[in-house]
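Every number here is computed from the coordinates shown, using simple stated rules; none is lab data. Because the structure is a prediction, the values reported are computed rather than measured. Because the Cβ atoms are built from the backbone with ideal geometry, glycine has one as well, and the counts that use them run over all protein chains shown.
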Amino acid sequence: MTLNVKKIAVLTSGGDSPGMNAALRSVVRTCAYYHVQCVGIYRGYQGMIEGDFKELNARSVNNIVNKGGTILKSARSQEFRTTEGREKAHENLKEHGIEAFVVIGGDGSFTGAMIFNEEYGFPVMGIPGTIDNDIYGTNFTLGFDTALNTVVEAIDKIRDTASSHNRLFFVEVMGRDVGHIALNAGVGAGAEEILIPEEDLGLGRLLESLKRSKLSGKSSSIVVVAEGDKIGKNVFELKEYVEENMPDYDVRVSVLGHMQRGGSPSCFDRVLASRMGVKAVESILEGKTNYMVGVVNNKMALTPLEKAIKGHSSIDTELLRVSDIMTT
Ligand code: ATP
């Protein structure tokens, strides 16, 4: 290992996700292990521009492995999108003797890091923190597993009321333009239908499927809808459509919203965060830069930031098939 880097900074950027604190803890402790100084940057790139820095040691990150959100705070910075903003950020990093940074965030945060690296040749490393699991180069992003558990728990509760009142529930879940949360949580919670952007079921087939399900003896149904699904304009219009065509069904909508981004990270996310933090710091110390750390087939892997940003994270076709069989 080439130990020529003496000071590494770490920041959380973009939307928060469970596991960010565990990743921060891992970066800080790995730095301590290799006798590298570590600096926490508050409020993402905006804090980098404003010099909102704090030295962190192994004890600064006690008791955060289990905490949701991010103790460093996160932010979206318009100023970092400008060359002047990035210049200020670079000045601050230089002034503090920082020689590399690890950014925990999504593809926007990685784009910022990549541009910064291009402009200043500054070593950067990304850790994917988003519940949507929509990043190429890793099978799992930080927070995805926790969000799935949150969604499954919520749907289990909704099912209690759905079955007590013979209701049909449309449950909208997060996921932006991809259906990873909807597909996985839908299978896990035993949903009757799962609507995801990757597969166009069509309104006609949805009705057919709901009618079939009713005929087969089911008195209540849960339909999980990914927020990016295009079958209806939105989940409330879907409800109206089904009510018009199946008047005997009592239809309700539940939009789970931001609760999916919060909460204590699952064990899986804590372990993943710990592995990613170690890999990020060790890779910097090995002289690598401009990569995102990921896990592929349970092995740590590095993907160039550009590929991680431009690549497409595709849906698991085997799980789609399982879902089709389960919803028979
Ligand atoms: P999420 O998954 O929650 O959206 P994200 O990291 O993709 O997370 P963004 O808001 O897209 O979130 O990006 C976070 C920050 O990264 C932005 O506020 C901005 O400061 C920086 N950033 C994004 N795109 C660019 C860009 N093209 N140039 C410079 N900086 C950028």
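Label separation (L201 vs E306): 4.0 nm, computed from points 7 Å beyond Cα along the C-beta direction. What does the C-alpha gyration tensor say about the overall shape of the chain? Classify as rounded when a/c is under 1.5, otherwise prolate if a/b is larger than b/c, or oblate. In terms of gyration-tensor shape, prolate. Taking every alpha-carbon pair under 8 Å whose residues sit at least 6 apart, the chain reaches a relative contact order of 24 percent.
The H on the amide N of G175, modeled in the peptide plane, is under 5 Å from the matching H of E227, each at least 5 residues off or on a different chain. The long axis of helix 235-245 is offset from the longest Cα principal axis of the chain by roughly 10 degrees. Partnerless cysteines in the chain, where a partner means another cysteine C-beta under 4.7 angstrom, comprise C267. Axis of helix 144-164 versus longest Cα principal axis of the chain: the two differ by about 20°, to the nearest ten degrees. Among the trypsin sites (Lys or Arg not before Pro) within the range 183-237, those in coil by DSSP and having at most 12 neighbouring Cβ atoms inside 10 Å are K230, K233.
Distance from the C-alpha centroid of the range 135-151 to that of the range 57-133: 20 Å, rounded to the whole angstrom. Distance between the 7 Å Cα→Cβ label points at E95 and S216: 6.5 nm. Between the range 295-325 and the range 179-208, the alpha-carbon centres lie 19 Å apart.
Per-residue ellipticity at 222 nm, computed for the chain from helices alone with -39500 (n - 2.57) per DSSP H run of at least four residues, works out to -13000 deg cm²/dmol. The HN-Hα couplings worked out from phi for the range 287-295 by the Karplus form 6.51 cos²θ - 1.76 cosθ + 1.60 (θ = phi - 60°) are x, 8, 8, 6, 10, 10, 7, x, 10 Hz, whole numbers, x standing for Gly and Pro. Exceedance of the 22 Å cut-off in Cα-Cα distance is limited, within the set K157/K218; K73/K230; K94/K310; K7/K54; K6/K67, to K73/K230; K94/K310; K6/K67. Compared with the dominant Cα axis of the chain, that is its longest principal axis, helix 317-326 is turned about 30°. Scanning residues 5 or more positions from R252 or on other chains, those with amide H under 5 Å from its amide H are L168, F169, F170, with H placed 1.01 Å from N in the peptide plane. Were the residues from K230 through E55 laid out at 0.36 nm apart, the gain over their Cα-Cα distance would be 58.3 nm. Modelled this way, with points 7 Å down the Cα-to-C-beta line, the labels at D250 and S163 are 1.7 nm from one another.
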